[in-house]
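Q: First, the structure itself, so that you have it in front of you.
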Amino acid sequence: MPPSSSRAAAVEAMYDPQTGAPAGPPATAMAPGMGHNMGQIASHEVTRQPGPIDPQIQAMFDQPSMSGAMPLGETSQSGAKALKTGMRRGRSKLQIVLWFVIGGLVIGGGVFAGFQIRAIRLKSQISEARTQAIADAKADTWKGWTEARDRLAGIAQASATPDNRAALARARALVAFEFGDGLAEAKTAVEDLGEQRGLDAAVARAYLALAQSDSKAARQAADDATQIVTDDPSALYITGRAQLLAGDFQNAFRSLKSAFDREKRPLYAVGLARAYSDASMWREALAALEPVLSMVADHPSSMIERARILVASYQIVPGVPLGTEVRAQLQKLIAEGMKRPGEQTRGVSPGQVALANLVLARVDFLRGDLPASQADFGAALAVGIDEQRFAEEAAETLYAIGELTGAQTAADRTLSEWSGSRRARITLARVMLAVGKPNDAVDLATKVPDVESYPQARTVRGLARYATGDLDAARDDFVAALKKAPHYEPALVGRAWLDLETQQLDDDLKKLLEDAHKAYPTHPGFGTVHAAVLRASDDKASRDKAKAILEKIVIGAGPEVVRAQLELARVYRDAGDLRPARQLYADAVKSGSVMAKLESGLLLIEDLDPMGGRETLDELLKSTDRPSPLIILEVARARMLVGDHAGAAQLLAEAGNAPNVVKWHLLREKGRLALRRNDFNGAADALSQAIEQSGSDLETFLLAADVAAADEKQAKLMERVKTLAPKRLAGVPELDLINAKLLLSNNEESSKAYEVAADKLQKANASSRRKAQAFLGRGIVAYNREDDQVAKDALEYAIKLDPTLYSAHLYLADITKGQNPKAALEHGQRAVALNPDLVEGWSMVGTQAARLGHKKLLAEATIKVGELAPNSAALRDLQGLR
């Protein structure tokens, strides 16, 4: 990497030397999905060098070495003649010696006095220069600090004492950390100090370590500083920043607040605000900036930090004036930074210009202006900053504005340059999670340095483990992160989703989520999970409130909004309003959401298109690297429903070997396959275990009821369903459907129960597949009563609602076989296509094939029954027909 050079020179290079007009940003290559190639982030100019030595100090070097003394060996130039006495008197040797002695004393004393006077004057000038440097730096702006740095450089040049060099190194390192300017020079200055002790030297080392994102070195240097002066504000400040860099939020708050309380400096307020913001304490963060902004309304560092806080807390949304206000402030700041340094009012460094553009990219994205957001990002790259913190911020920005491919490229590039970057590794883990690679995300997060004590890394690993189904490990990560940062939004929301899924969400967490939503009503993270809690309620008013919350959130933008789209799609899906549900799923799929792809496939299964659902899910399985057990099990179910038992069995075996599989979910699907194969004992065994662990999962109860109704030997399972269903499914319309299934042997009661269930499902806008179950039951009851026409109508309508109902085809085949063997054969073929292990179906196909003279089809059916039931009466019957 070439040595970094003066940011002032970099800014001046943007202007035409003849006209003073902007010369335009340097050309940079655009990276796919991110506007510019991260490989082009570089600066090729030298950083601003210190100005010439202070003129007053320099003047002292140009004065004569003796004031008023004439050099030896020179004669007077006055032109006066020497006095004549008329005689020449000789001098004794003693007189000559005394004359030389006295002359030497006079001359030596004059020289000594001259040096002393010069030293006093130099010391006075240095003191004045130091005083002016301190005054310059008080505003905590780039302009003030660079002027202070240059004065200190003049001092060090005039008098290179250890203290002066340490003071200069401290100023250089501060400017590098706070303003992104002159990192190379700061590094050289600090290294030149060697093992020098003292407060300035320790603070300089801390600032340099912070600028290089080295938390351990920063903490060590900060400890050295506090040992020298315990309550020095600068020592407390760098201690707090080092603690924040290491993820130690609570101690960072204390240190940074103590620093600001002792000295009301703008940068100390900005540091405290950053700590609060990183811990998702946004109200406290904005409050920390108020004293600065009330005194200096356009303080650049404070303005950038305020914009970051408003973006992080999603207080900028489309149509809200606040976004326009913040955008104007950032544009004003950027415009000042593009001026020549001498023409700037407060001073905005090139590094601040780049960071302001990154924040502006997020502002414009949240305002719904994607082209402007991409242009802002390109402008940030054009500044040409090639430092770790900017690269990390750029990758995070790309993730935040939905440019996942660009974010991955940027994070990879950052890690290739700075392999220890926590932020880049965490960003990459978030990208992997977003694109459906949670196992990769777990690996990446686990490799973050000091992951166990770093809340951000623990949280992203918890989210990834949650996505893989490793719920206990995910909960451990969330709990550990929240212990470090109790208000940290990603950990808090992740824990809430996990507890909601496992039905362990307590009232305290519910109240915390509700309060957070009230405080930040446009934040999609808090709003979405709070809406999910309301949606899970039995109260219709709560569900309507959830819908209203989500409808406001989905008009926004950002990764968190995708979750809101999914949740609102579920609200519409559960309400039977499938058109908006499909659109929301489609919108979420565009962002790369794996869960959206999964649920959109499941919606097709629930709503008249099981083949389309199976194809969607199979494609998802193929395109997902290391798919989660959830995906594997849902694809297995989709395959079963359309008759691919072999493919389903293969996936069930694969899921059984997965370390994070949800046991009851696996048992449920094993029970489904056993039921389809008429293995009632195997089905009952699997579903008896599943029902104890599955909570209120409807599919488990419906399958268990089917098994209990199909085989009178499964009385124990029937009793368990009768006991648990009313407790877990109270108020759910499917409860009547389950009760009707269990009454199948009593035609009159079951008929009424199915009518009640069908009516309730209709009123609840239940899915087509759910309603089909009620009509299937009504058809079977009518069949048992030998009311063939009613049975036929009900069964045909059931198939229309759910084309996967193989049993409906089998009943229709039996109803039509007497009058229409061809129709019976077609129904029989459809039944075995949907369930290739159905012995009764193959028997129907064989008998009707024999009646119609289809010998080849009869032979095929006979072979199949022989494989499925080798010693059965059905096989003997078919063999007799041959």
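Q: Starting at the first residue of segment 754-771, write each ³J(HN,Hα) from the Karplus equation 6.51 cos²θ - 1.76 cosθ + 1.60 with θ = phi - 60°, in whole Hz, x for Gly and Pro.
A: In residue order, the calculated couplings are 5, 5, 5, 5, 4, 5, 5, 5, 5, 5, 7, 6, 5, 5, 4, 5, 5, 5 Hz.
Q: Quick one: with all protein chains in place, what share of the accessible area of segment 137-177 is carbon or sulfur, to the nearest percent (1.4 Å probe)?
A: Details: 620 of 1270 Å².
Roughly 48 percent of what the probe reaches on segment 137-177 is carbon or sulfur.
Q: How many times 2.2 N^0.38 Å is the alpha carbon radius of gyration of segment 595-702?
A: Working: Rg = 13.2 Å, N = 108, 2.2 N^0.38 = 13.0 Å.
After normalising by residue count via 2.2 N^0.38 Å, the value is 1.01.
Q: Follow-up. Counting other Cβ atoms within 10 Å, which GluC sites (Glu not before Pro) in segment 156-262 have at most 15 and lie in a DSSP loop?
A: Numbers: sites: 178, 185, 191, 195; in loops: 195.
When the GluC sites (Glu not before Pro) of segment 156-262 are filtered for loop state and at most 15 Cβ neighbours within 10 Å, 195 remain.
Q: Between residue 555 and residue 502, what is the FRET efficiency for a Förster distance of 30 Å, r being their Cβ-Cβ separation, to the nearest 0.05?
A: Values: r = 31 Å, r/R0 = 1.03.
So the FRET efficiency works out to roughly 0.45.
Q: If the viscosity is 0.692 mPa s and the temperature 37 °C, what translational diffusion coefficient in µm²/s does Stokes-Einstein give for segment 622-672 when Rh comes from Kirkwood over Cα pairs? The partial results should precede the final answer.
A: Numbers: Rh = 10.7 Å.
Approximately 306 µm²/s, per Stokes-Einstein.
Q: Still on this structure, I have one more. Of all trypsin sites (Lys or Arg not before Pro) in segment 747-795, which ones are in loop regions per DSSP and have a Cβ with at most 10 other Cβ atoms within 10 Å?
A: Details: sites: 752, 760, 763, 769, 770, 771, 778, 785, 792; in loops: 785.
In loop regions of segment 747-795 (DSSP not H, G, I, E or B), there are no sparsely surrounded trypsin sites (Lys or Arg not before Pro).
Q: Could you check the spin-label model distance between residue 583 and residue 872? Points 7 Å from the Cα along Cα→Cβ, value in nm.
A: The answer from the label model is 4.9 nm.
Q: How do 493, 662 rank by accessible surface area computed with a 1.4 Å probe, from largest to smallest? Could you put the intermediate results ahead of the total?
A: On the way: 493 10, 662 50 Å².
Solvent-accessible surface, decreasing: 662, 493.
Q: In addition: Beta carbons within 10 angstrom, averaged per residue: use that to sort the peptides 617-623, 137-143, highest first. Each step should come with its number before you reach the end.
A: Details: 617-623: 16.1, 137-143: 21.3.
Sorting 617-623, 137-143 by mean packing, highest first, produces 137-143, 617-623.
Q: What's the FRET efficiency of residue 765 with residue 483 using the Cβ-Cβ distance as r and R₀ = 45 Å, to the nearest 0.05? Intermediate results must be reported in sequence, preceding the final value.
A: Values: r = 44 Å, r/R0 = 0.97.
The value I calculate is 0.55.
Q: List the GluC sites (Glu not before Pro) within segment 775-877 that fall in a DSSP loop (any state other than H, G, I, E or B) and whose Cβ has at most 13 other Cβ atoms within 10 Å.
A: Working: sites: 786, 796, 826, 840, 860, 867; in loops: 786.
Sparse-neighbourhood loop GluC sites (Glu not before Pro): 786.
Q: Measuring from a point 7 Å past the Cα of residue 797 along Cα-to-C-beta, which residues in segment 751-773 have an amide N at less than 11 Å?
A: 755, 758-759, 772
Q: Sorted by packing (mean other beta-carbon atoms within 10 Å per residue), highest first, where do 237-249, 708-720 land? Please report the intermediate quantities before stating the final value.
A: On the way: 237-249: 24.9, 708-720: 16.8.
Final packing ranking: 237-249, 708-720.
Q: Quick check on my link table: of 257/483; 622/763; 547/792; 547/722; 484/597, which ones sit more than 31 Å apart, alpha carbon to alpha carbon?
A: Details: 257/483 21 Å; 622/763 38 Å; 547/792 40 Å; 547/722 33 Å; 484/597 35 Å.
Check vs 31 Å cut-off fails for 622/763; 547/792; 547/722; 484/597.
Q: Quick one: how many Å² of residue 827 are accessible to a 1.4 Å probe, rounded to 10?
A: Result for residue 827: roughly 40 Å² accessible.
Q: In whole percent, how big is the carbon plus sulfur part of the accessible area of segment 184-245, probe 1.4 Å, protein atoms only? Write down the numbers at each step before the final one.
A: Values: 1120 of 2460 Å².
Answer for segment 184-245 is 45 percent, counting heavy atoms of protein chains only.
Q: Related question: Please list 3J(HN,Hα) in residue order for segment 566-572, calculated via the Karplus relation 6.51 cos²θ - 1.76 cosθ + 1.60 where θ = phi - 60°; whole Hz, with x for glycine and proline.
A: Result, rounded to whole Hz: 5, 5, 5, 4, 5, 4, 5.
Q: Take the Cα coordinates of segment 721-798, assign each an equal point scatterer, and use the Debye formula without solvent to give log10 I(q)/I(0) at q = 0.13, 0.15, 0.23 Å⁻¹.
A: Reported log10 I(q)/I(0), two decimals: -0.36, -0.47, -1.01.
Q: If you don't mind, there's one more thing I want to ask. With contacts defined as alpha carbon pairs under 8 Å and 6 or more residues apart, what's the relative contact order of segment 380-469 in percent? Working shown, then result.
A: Values: 104 pairs, mean separation 18.5, N = 90.
In percent, rounded to a whole number, it is 21.
Q: Per residue, how large is the accessible surface of segment 711-816? Use a 1.4 angstrom probe and give square angstrom.
A: On the way: 5080 Å² over 106 residues.
That works out to 48 Å² for each residue.
Q: Provide the per-residue ³J(HN,Hα) series for segment 142-152, in order, calculated from phi with Karplus coefficients 6.51, -1.76, 1.60 and θ = phi - 60°, each as a whole number of Hz, with x at glycine and proline positions.
A: Each residue's phi maps through the Karplus curve to give 4, 4, x, 6, 5, 5, 5, 4, 5, 5, 5 Hz.
Q: Say a paramagnetic label sat at a point 7 Å from the Cα of residue 747, along Cα to Cβ; which residues of segment 754-790 have their backbone N under 19 Å from it?
A: 754-756, 775-790
Q: Still on this structure, please answer the following. Would you mind getting the accessible area per residue of segment 130-216, heavy atoms of the protein chains only, 1.4 Å probe, in Å²? Before the final figure, lay out each step's value.
A: Values: 3220 Å² over 87 residues.
For segment 130-216, the per-residue accessible area is 37 Å².
Q: Now for a different question. If you roll a 1.4 Å probe over the heavy atoms of the protein chains, what accessible area per residue do you get for segment 365-490, in Å²? Before the final figure, lay out the partial values.
A: Working: 4190 Å² over 126 residues.
Normalised by residue count, the accessible surface of segment 365-490 is 33 Å².
Q: Determine the share of segment 463-541's accessible area contributed by carbon and sulfur atoms, expressed in whole percent, with a 1.4 angstrom probe.
A: Values: 1740 of 3450 Å².
C and S atoms contribute 50 percent here.
Q: Less than 14 Å apart at the alpha-carbon level, and either on another chain or at least 8 residues along: which aspartates and glutamates does that give for residue 741?
A: Partners found: 699, 706, 711, 712, 719, 749, 755.
Q: Evaluate E = 1/(1 + (r/R0)^6) for residue 229 and residue 163, where r is the Cβ-Cβ distance and R0 equals 25 Å; express this FRET efficiency to the nearest 0.05.
A: On the way: r = 15 Å, r/R0 = 0.59.
The calculated FRET efficiency here is 0.95.
Q: Gain in length, residue 518 to residue 723, computed as 0.36 nm per residue apart minus the alpha-carbon separation, to one decimal in nm? Walk me through the numbers before you get to the answer.
A: Working: separation 205, 0.36 × 205 = 73.80 nm, distance 4.00 nm.
My answer for the length gained is 69.8 nm.
Q: Roughly how many nanometres apart are two label points built 7 Å out from the Cα toward the Cβ at residue 786 and residue 296?
A: Label at residue 786, label at residue 296, 9.8 nm between them.
Q: Mind pulling the per residue volume of the convex hull built on the Cα atoms of segment 676-809? Å³ is fine. Numbers along the way, then the final one.
A: Numbers: hull volume 13.5 nm³, N = 134.
Per residue, the Cα convex hull of segment 676-809 comes to 101 Å³.
Q: Quick query: amide H of residue 349 versus all other amide H atoms, modeled in the peptide plane; which residues come in under 5 Å with a sequence gap of 5 or more or a different chain?
A: 142
Q: Still on this structure: On a full-extension model of 0.36 nm per residue, what is the gain between residue 197 and residue 609, subtracting their alpha-carbon distance, rounded to one decimal in nm? List each step's numbers first, then the result.
A: On the way: separation 412, 0.36 × 412 = 148.32 nm, distance 7.53 nm.
Result: 140.8 nm gained on full extension.
Q: If you don't mind, another one. Per the Kirkwood definition applied to all pairs of different Cα atoms, how many angstroms is the hydrodynamic radius of segment 212-336?
A: Values: mean 1/r = 0.0660 Å⁻¹.
About 15.1 Å for segment 212-336.
Q: Would you please state the base-10 log of I(q)/I(0) at q = 0.12, 0.16 1/Å for segment 287-412, with intensities from the Debye formula using one equal scatterer on every alpha carbon?
A: -0.43, -0.76
Q: Along its principal axes, what span do the Cα atoms of segment 472-606 show, with the longest given first and each in whole Å?
A: Here the Cα extents, ordered largest to smallest, are 43, 31, 27 Å.
The values are calculated or read from the model by the stated rules, or taken from the named source; none is laboratory data. Small disclaimer: the values here were computed from a predicted structure and weren't measured. With ideal geometry, Cβ positions are generated from the backbone for all residues, glycine too; neighbour counts draw on all protein chains shown. Quick note on the areas: whole protein, heavy atoms, side chains included, nothing else; ligands and nucleic acids left out. Shrake-Rupley method; radii C 1.70, N 1.55, O 1.52, S 1.80 Å.
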